[in-house]
Amino acid sequence: MNGRWKFHRFCLPAFFWAVLTVGTSAQEAAPSGLANQPAPPTTNAPAVPAAPRKLSPVIWTENPDVVQRFNVNGPWVRQMVNNAVLKLTSANDLGTAWTRLGITPQDVVGVKITTMGGPLLSTHRAIVQAVCDGLEEAGVPPSHIIIWDKDASDMREAGYVPVAGTDSHVGIASIFPGTGYDPDAVYNNGILGTLIWGDSEFIRHEGDDDLSRAASEAVKNKAYGDNLGSAVTGDDSLTNASIPQTSNKSYYARLVTTLCTKIVNVPVLTDNSYIGINGCLGSLALASVDNNRRFQGDPTFGDPAICEILSNPYLRRKVVLNILDALIAEYAGGPRFDPQFTKSIGGIYVSRDPVAIDAIVLKRLEGWRASDRQGKIDPIGKTASHVHDAASYNLGTDDPSRIQLLRLP
């Protein structure tokens, strides 16, 4: 698909648009430490050299000139993405490059974007355009490409209006609340979460069903006891309260379980006070399941939930590439946009290893926070512990000696 995006196209059956999700690949992860153990001593045999450690290449391209007062030079950015993909795959053309990443004309490819940051801190269209163009060069028809994120309202605010299309253009979709999740694909976690509208197990009560009436009558009759003391006066605020619905289950989106055969992960570089960093790992995991508020923030900050969610074969086997949009990065106040904490660095990181990317950029976020002119921003620290722990789940590596950072001119 060369040229302009035409969002008014892309047709598939209705179920196609019912949901969304994403995952990670660890094909660049280093091998087990057993591969580097010394050979047992022998008397005559020559020493056997240890097998070389496999490196995770990360392609880094950066030019602040591509961003001027939050405006991005689209053609320049597309070329940066293309050059990075070619370098990563050692290919001479984009069709070959994306084919080497595992893309085939038969695939249905979900391009996972991040849109919580509004129009200025969401995945930039120029990067998404370059991805779609590359997929088409590899033979994927536009009708098999879906640009998606979890929340439709966030997508609309960022300029990605969910729309069906035709065979001549890609589609844009969000996870349909409730029915967009796969009842047969469950992530269990001991933490209990309060369900809200949009979660798969949430049951909406209109107030006139038997359960709601029974709860209302019990509150009016003070079934909880009437010994609260004289300090409690006025109307009973519990009279109209609804009974909270809870669950320790999260359901995966149908997009990753039944629809998409491959996923390209294109998040934005921001901090996130609930999980430390909203990079390749966190943004992908949290967008893939419902009822995810329960493992964000204190005390777990998403660890190990993020790692466990991404370890599921639905996600682990499908992500072929991670492209981190660091054209405009935010080191505090994220993932919502706050211009005073942004850096317009014009950066892009490309790798098959999401852990390696997050480990690299986490250090940059910490550096910016430490040097902030106000001098009052705490380190991210252990709130981003999932980045280090993801290596133990074989999702990639955060070991600097096993990361090959290659910067393009």
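The values are calculated or read from the model by the stated rules, or taken from the named source; none is laboratory data. Here the structure is a predicted model, which is why all the values come from computation and not from measurement. Positions of Cβ are generated from backbone atoms using ideal geometry, with glycine treated the same way; all protein chains shown enter the neighbour counts. For accessibility, only protein heavy atoms count, side chains too; no ligands or nucleic acids. Shrake-Rupley method; radii C 1.70, N 1.55, O 1.52, S 1.80 Å.
Quick notes on this one:
- Tally of residues being part of a loop (DSSP other than H, G, I, E, B), in contact (Cβ under 8 Å) with a residue 12 or more places away in the chain, over 25 Å from VAL266 (Cβ atoms) and not hydrophobic (A, V, I, L, M, F, W, C) across the range 360-398: 2
- Subset of the range 355-409 [of a type outside the set (Val, Ile, Thr), closer than 17 Å to ASP325 by Cα and under 17 Å from the mean Cα position of the chain (by Cα)]: ALA356, ASP358, ALA359, LEU362
- Against the list (1) open to solvent by less than 60 Å² (accessible area, probe 1.4 Å); (2) over 20 Å from ASP358 (Cα atoms); (3) among the β-branched types (Val, Ile, Thr); (4) at pLDDT below 50, the condition VAL77 fails is (4).
- Unmet criterion (only one of (1) under 27 Å from VAL128 (Cα atoms); (2) open to solvent by 40 Å² or more (accessible area, probe 1.4 Å); (3) in contact with an Asp or Glu (Cβ under 8 Å, 6 or more places away or on another chain)) for HIS388: (1)
- Only one of the listed residues (ASP236, ASP226, ASP199, ASP208) is modelled with pLDDT of 85 or more and either open to solvent by 30 Å² or more (accessible area, probe 1.4 Å) or closer than 30 Å to LYS112 by Cβ (or both). That residue is ASP199.
- Filter pass, GLY193 being part of a loop (DSSP other than H, G, I, E, B) and either modelled with pLDDT of 90 or more or closer than 29 Å to GLY118 by Cβ (or both): no
- Each residue in the range 144-172 was checked for being modelled with pLDDT of 95 or more, touching a Gly at 6+ places or on another chain (Cβ under 7 Å) and not β-branched (Val, Ile, Thr), and 3 pass.
- Every test in (1) crowded, with 18+ Cβ neighbours inside 10 Å; (2) at pLDDT below 90; (3) outside any loop (DSSP other than H, G, I, E, B) is passed by GLY178 save one, and that test is (3).
- When the range 333-359 is filtered for residues that are assigned to a strand (DSSP E or B) and not hydroxyl-bearing (Ser, Thr, Tyr), the ones remaining, listed by number, are LYS343, GLY347, ILE348, VAL350.
- Hits in the range 293-326 (condition: open to solvent by less than 10 Å² (accessible area, probe 1.4 Å) and free of Cβ contacts under 8 Å to residues at least 60 places away in the same chain): GLY297, LEU324
- In the range 81-102, the residues that are touching a helix residue (DSSP H, G or I) at 6+ places or on another chain (Cβ under 7 Å) and of a type outside the set (Gly, Ala, Ser): VAL81, ASN82, VAL85, LEU86, THR89, LEU94, TRP98, ARG100, LEU101
- Any hit, the range 332-354, residues being open to solvent by 10 Å² or more (accessible area, probe 1.4 Å), under 17 Å from the mean Cα position of the chain (by Cα), under 22 Å from GLN68 (Cα atoms) and of a type in the set (D, E, K, R): yes
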